[in-house]
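Below: the structure, in structure tokens.
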Amino acid sequence: MLANKAAIDGATIAANPELRLIALTATGVDNVDLAAARTASIAVCNLRDYCTPSVVQHVFAMLLALTHRLHDYDQLVRTGGRVFGIVGHGTLGRSVAQTASAFGMRVMTANRPGGPATAGRLDLDELLPQLDVLSLHCPLTAATHGLISAPRLARMKADAVLINTARGALVDAAALAAALKSGHLGGAGIDVLEWEPPPPDHPLLDPAVPRLIVTPHIAWAAREARQRCLDELALNVAAFQAGGSRGRVC
């Protein structure tokens with residue numbers, strides 16, 4: 001089975017007894033019941049590091065679009081006045097951090113949600129009040145579901161910007177819409193939603209929500225990234241057929 005965002009739950013796995021490989025054209029595996037796949041001896045392979053430049057470009061395209069007061073923004077960059085926070089310091093998070101540094105921003109990194117403290121990082125609740133920009137790059141897990149909640153949005157500066165190109169369920173959409181409507185948040189750039197495609201009444205599709213950019217999960221989709229996706233997918237399938245473990249999650 002080759003899949004992207006389709007939900008592959010235990011019932012789907014049980015209904016397909018001949019299934020031996022789930023090859024994902026994505027990095028995230030939250031749409032697959034990994035425990036059910038493991039029990040059924042089904043290999044699951046994902047892709048890694050195929051769309052990093054594309055996502056970095058999208059993060060800063062949204063950030064610059066939201067901070068459209070170019071003269072003010074230029075002055076802040078030149079003085080190093082913006083603090084850029086990262087949640088998720090894998091390949092994507094590190095690459096975004098490097099670009100933020102090149103823009104003259106001071107980068108701060110959150111401890112892994114649900115994980116141990118790391119030297120040089122801060123817990124998210126301690127980090128949030130200091131940030132001008134928060135960019136999410138962590139996987140969706142039990143520890144990160146609803147990570148950016150109403151209480152955490154309330155800890156952010158009134159003019160801070162939130163960027164999410166990771167997974168929609170990291171953010172409480174209703175709470176984000178309320179924060180933007182109340183004027184508490186400076187803006188948000190959202191490339192991912194909890195349900196894709198979203199229902200018509202999704203809170204972030206409300207035209208009354210100000211200072212919000214919503215894009216249809218396209219941060220990854222540069223032409224070069226799409227080709228790398230196909231190349232990596234083919235290598236994963238070939239490795240499975242040869243008995244290897246390349247790209248395997250379980």
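In the stretch 17-29, what residues are under 23 Å from L92 (Cβ atoms) and surrounded by 17 or more Cβ atoms within 10 Å (Cβ to Cβ)? Correct list: I22, A23, L24, T25, A26, T27, V29.
Restricting the stretch 1-16 to residues that are at pLDDT 95 or above and part of a loop (DSSP other than H, G, I, E, B) leaves a set whose member that is surrounded by the most Cβ atoms within 10 Å (Cβ to Cβ) is M1.
For the stretch 111-168, a residue qualifies if it is assigned to a helix (DSSP H, G or I) and of a type outside the set (A, V, I, L, M, F, W, C), and the qualifying residues are D125, E126, P129, Q130, P151, R152, R155, G168.
To keep it simple, each residue is scored yes or no on (1) surrounded by fewer than 17 Cβ atoms within 10 Å (Cβ to Cβ); (2) in contact (Cβ under 8 Å) with a residue 40 or more places away in the chain; (3) closer than 26 Å to S95 by Cα.
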{"site": "S149", "(1), (2), (3)": "yes, no, yes"}
{"site": "A179", "(1), (2), (3)": "no, no, no"}
{"site": "A208", "(1), (2), (3)": "yes, no, no"}
{"site": "A234", "(1), (2), (3)": "yes, no, yes"}
{"site": "G247", "(1), (2), (3)": "no, yes, yes"}
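Have a look at D201, D125, D159 and point out the one that is more than 18 Å from the chain's Cα centre (by Cα), over 22 Å from A100 (Cα atoms) and of a type in the set (D, E).
D201
The lone criterion from (1) on the phi > 0 side of the Ramachandran plot; (2) in contact with a Ser or Thr (Cβ under 8 Å, 6 or more places away or on another chain) left unmet by G183 is number (2).
The values are calculated or read from the model by the stated rules, or taken from the named source; none is laboratory data. In this text, all values refer to a predicted model and were calculated from it rather than measured experimentally. In this analysis, Cβ positions are derived from the backbone assuming ideal geometry, glycine residues included, and neighbour counts consider all displayed protein chains.
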